[in-house]
Amino acid sequence: DVFLLGTHSWRIRRVEPGTVRVTDAHGAPPSVPHWQGEAPGRTRELSEEVSALRQAIADRPAADARAWLEEECGVQRAAADTIVAYLRAGLAALGALPTMNAIILERFFDEAGGMQLIGHAPFGARVNRAFGLALRKRFCVTFDFELQAAASDNAILLSLGPQHSFPLDRVPRFLTSQTVEDVLKQALLTSPMFAARWRWNLNRALAVL
């Protein structure tokens, strides 16, 4: 990550107990600090409905999809037009729409030259957070470097530095239904998730001055 101290930007290289190792980022734009709330992730049932809606739009011509939305979902024409335009733009860009049966991988390079890998997966934030943790663990073990990971209801984001590159078709082989549970357990055991959650609970209970 790149942060701003005074008027100078610095790139974090390593975080150790009590110490953060940095190098000169040579004016690279810093990331904007943000906080993501703890709203519950989308349920599996709602995620399945989102997936089915996407598939229904993808399987129909635009005019038929609009009519289907108005009749089946009870939305007005303007809303149907917006939904169809949005989903078909995604279909045109990605070649398919992400559903419960189709995860789509996309990557791009940011302004600083770092690679961003997105897994479009509408499973909901709870599943995607676990999926992202497991995938991050496989990246760290395979390439021997640390990276940042984030997840939402619709996607997983892995942020890699400018020095890391690999064929995109390698990623689907990082996790299988036979290995994902063990990899996720390994990722959870080394993450500060439980300690951080415990601290939050103590603060909420007013047990910490």
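The values are calculated or read from the model by the stated rules, or taken from the named source; none is laboratory data. Small disclaimer: the values here were computed from a predicted structure and weren't measured. In this analysis, Cβ positions are derived from the backbone assuming ideal geometry, glycine residues included, and neighbour counts consider all displayed protein chains. Quick note on the areas: whole protein, heavy atoms, side chains included, nothing else; ligands and nucleic acids left out. Shrake-Rupley method; radii C 1.70, N 1.55, O 1.52, S 1.80 Å.
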HN-Hα J in Hz across region 61-68 - Karplus 6.51, -1.76, 1.60, θ = phi - 60°, x for Gly and Pro: x, 3, 5, 5, 5, 5, 4, 5
Mean accessible surface per residue for region 74-209, computed with a 1.4 Å probe while every protein chain stays in place, in Å²: 62 Å²
In nm, spacing of pseudo-spin labels at ARG60 and ALA39 (7 Å Cα→C-beta vector): 2.7 nm
Amide hydrogen neighbours beyond the local backbone of GLN148, cut-off 5 Å, H modeled: SER159
Relative contact order [Cα under 8 Å, 6+ residues apart], the chain, whole percent: 14 percent
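Using the reciprocal of the averaged 1/r over all distinct C-alpha pairs, how large is the Kirkwood radius of the chain in Å?
On the way: mean 1/r = 0.0502 Å⁻¹.
Kirkwood radius, the chain: 19.9 Å.
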Rounded to whole Hz, the Karplus (6.51, -1.76, 1.60) HN-Hα couplings of region 14-28, x for glycine and proline: 7, 10, 10, x, x, 9, 10, 8, 10, 10, 5, 8, 6, x, 4
Mean separation of Cα contacts under 8 Å (6+ apart) over length of region 94-178, as relative contact order %: 29 percent
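Give the value in nm², to one decimal: projected area of the alpha carbon convex hull of region 119-209, averaged over all directions.
Working: hull surface 29.8 nm².
Approximately 7.4 nm², given one-decimal rounding.
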Between helix 193-204 and the chain: long-axis angle, C-alpha atoms, 0 to 90°, nearest 10: 90 degrees
For region 69-82, Karplus couplings with θ = phi - 60° (6.51, -1.76, 1.60), whole Hz, Gly/Pro x: 4, 4, 7, 7, 9, x, 9, 6, 4, 4, 5, 4, 4, 5
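With charges set only on the Cβ (+1 for Lys and Arg, -1 for Asp and Glu), what does the dipole of region 1-109 come to about its Cα centre, in debye to the nearest 20? Present the calculation step by step, with values, prior to reporting the outcome.
Values: 12 positive and 14 negative charges, 112 e Å.
That gives a dipole near 540 debye.
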Heavy-atom accessible surface of the chain: percent carbon and sulfur, 1.4 Å: 57 percent
Cα-centre dipole for the chain with unit charges at Cβ (Lys and Arg positive, Asp and Glu negative), debye to 20: 680 debye
Residue-averaged [θ]222 nm for the chain, counting only DSSP H segments that reach four residues, each worth -39500 (n - 2.57): -12500 deg cm²/dmol
Helix axis angle, 44-58 relative to the chain longest principal axis, alpha carbon, degrees: 60 degrees
